[in-house]
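Please treat every number below as a calculation from the coordinates, not as lab data. What you see is a predicted model, and the numbers here were worked out from it, not measured in a lab. Virtual Cβ from ideal backbone geometry, glycine too; neighbours counted across all protein chains shown.
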Amino acid sequence: MLDQTTKPETHYYAPDGTVINSRLPLLVYRGAVSATDGEDMEAAMKRTFASNNWTNNWTYRGVYPYPHYHSTCHECLGVIRGKMPLRLGGAAQDPMLFEVGDVIVIPAGVSHTAFPDKDHRALGGTDDVLMVGGYYDGRDWDLLRDGEVSDTELRAAVKLIMSLPIPHEDPVYGKKMQAWLSAPTSLEWGIAHCKVTGIEDLHK
Ligand SMILES: [Fe+2]
């Protein structure tokens with residue numbers, strides 16, 4: 001059953017020169033979704049996401065094993081089978097392990113990657129892992145790799161990410177996303193990004 005009192009973990013990842021990351025914290029809802037009678041975890045996760053307008057859902061054996069991020073959408077991921085280690089926020093960050101029922105909300109711009117098979121297992125990952133994804137309002141997702149975009153593409157991505165609206169409801173409980181509504185402004189975050197990357201003017 002959903003625990004309506006559960007608050008998500010919040011993880012802030014600042015821009016580090018190759019990864020844009022986000023002014024918004026990445027959210028982790030541990031053990032937030034479970035199957036009800038006659039329902040499997042895939043159906044439960046998709047029902048939960050879709051009921052809160054996080055759609056364009058997919059089911060896949062984990063996450064791509066290279067660091068990437070999205071500039072056109074925020075993304076939610078739910079573990080429906082096995083255990084999944086991920087590196088979130090860029091190469092400097094420690095791995096985090098996720099289990100069945102966990103939901104991760106990844107703001108646009110925040111790097112995420114799975115690990116190659118050997119590391120995946122060493123970090124507690126299982127071979128049977130299965131995940132469900134979703135995007136608020138059913139937005140389409142793009143795919144940008146850390147450190148592999150041109151300066152022009154990077155500037156365009158930063159501007160797009162800064163302009164994305166905050167969803168009206170979180171994917172698990174359908175509540176206001178308070179941690180995002182009270183996050184630093186795009187301007188504050190843009191200035192921080194410019195300082196780290198050496199970009200002097202985002203409008204050029
Ligand atoms: Fe993704």
> In sequence order, what are the phi-derived ³J(HN,Hα) couplings for region 80-89 according to the Karplus relation 6.51 cos²θ - 1.76 cosθ + 1.60 with θ = phi - 60°, rounded to whole Hz, with x for glycine and proline?
Replying inline: 10, 7, x, 10, 9, x, 9, 9, 10, x
>> How would region 84-204 be classified by its alpha-carbon gyration tensor: rounded, prolate or oblate, with rounded meaning a/c under 1.5 and the a/b versus b/c comparison settling the rest?
In response: oblate
> Given charges of +1 on the Cβ of Lys and Arg and -1 on the Cβ of Asp and Glu, with all other atoms neutral, how large is the dipole of the chain about its Cα centre, in debye to the nearest 20?
Replying inline: 260 debye
> For region 1-78, what ratio Rg/Rh do Cα atoms give with a Kirkwood hydrodynamic radius?
Replying inline: 1.00
>> I'm a student and want to see the number: the projected area of the Cα convex hull of region 125-180, averaged over all directions, in nm².
In response: 6.2 nm²
> What is the helix-to-structure angle for 186-197, meaning the angle in degrees between its Cα long axis and the longest Cα principal axis of the chain, kept from 0 to 90 and rounded to the nearest 10?
Replying inline: 70 degrees
> Whole-Hz Karplus ³J(HN,Hα) for region 22-37, in order, using 6.51 cos²θ - 1.76 cosθ + 1.60 and θ = phi - 60°, x for Gly and Pro?
Replying inline: 7, 6, 8, x, 6, 10, 10, 9, 7, x, 7, 10, 9, 7, 9, 3
>> Springs between alpha-carbon pairs under 10 angstrom, Gaussian network model over the chain: which of T126, T152, T55 fluctuates most?
In response: T152
>> If you average the alpha carbon positions of region 23-99 and of region 139-198, how far apart do those two centres end up, in angstrom?
In response: 18 Å
> Which residue, P184, P85, P116, tops the fluctuation ranking in a GNM of the chain built on C-alpha contacts under 10 Å?
Replying inline: P116
> Relative to the longest principal axis of the chain, what angle (0 to 90°, nearest 10) does the C-alpha long axis of helix 151-163 take?
Replying inline: 60 degrees
>> Suppose we look only past 17 Å in the calculated P(r) of region 79-125. What percent of the Cα-Cα pairs does that tail hold?
In response: 33 percent
>> Run the count for the chain, please: Lys pairs, Cα-Cα under 21 angstrom, 8 or more apart or on different chains.
In response: 10
>> I'd like the per residue volume of the convex hull spanned by the Cα atoms of the chain, given in cubic angstrom.
In response: 105 Å³
